[in-house]
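For reference, the structure is listed below as C-alpha cells.
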Amino acid sequence: MGASGSKSRGLWPFASQAAGGGGGAEGPGGQQALARARAARAATPFVFTRRGSMYYDEDGDLAHEFYEETIVTKNGRKRAKLKRIYKNLIPQGIVKLEHPRIHVDFPVIICEV
C-alpha cells in the first residue's frame, strides 16, 4: 500500500544477496533471476524527476485546480459561485527535482545521532 510494487514484479534493484531479496538462485527463476539482479546493480538509489501534479489551462496558467465564477440568481438575489473546471486542462508532465531524492523502494534506516 502506497509503494510502487516493484518488489512483486521482480524488479528490486537494491536487493543484496545476504538479505535474500528474491534474487537468489534457489528462488523463482533460478540462475536467470540471479543474472538479472547482478545486471541491475548499476541502478542508482536516487530519483531525479517526478510527475507533476499541476495542470495548464487554455490561457497557459499553471495551477492545481481551476475555477470559474458564475452568477446565480436565487429569490431575486444575485450570488457569485465558483464552479470547478475539469475540461481542457493539460497535465504539467515530468518535473526535474531541484535536489535528488532517495527512491521509495530503497531500504534505508535514518537515525539521529
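What to note about this one:
- Nonlocal amide H pairs with residue 66, under 5 Å, H built at 1.01 Å: 85
- Inter-probe distance in nm under a simple model that places probes 7 Å from Cα toward Cβ, at residue 111 and residue 59: 5.4 nm
- Residue 81 versus residue 51: modelled label distance in nm, points set 7 Å from Cα along the beta carbon direction: 3.3 nm
- Environment charge at residue 63 (Cβ cut-off 12 Å; Lys +1, Arg +1, Asp -1, Glu -1): -3
Any read-out appearing in this document is the output of simple, stated calculations on the displayed coordinates, not a laboratory observation. Just so you know, these numbers come straight off a predicted model, no measurement behind them. Note: ideal-geometry Cβ built from the backbone for every residue, glycine included; neighbour counts use all protein chains shown.
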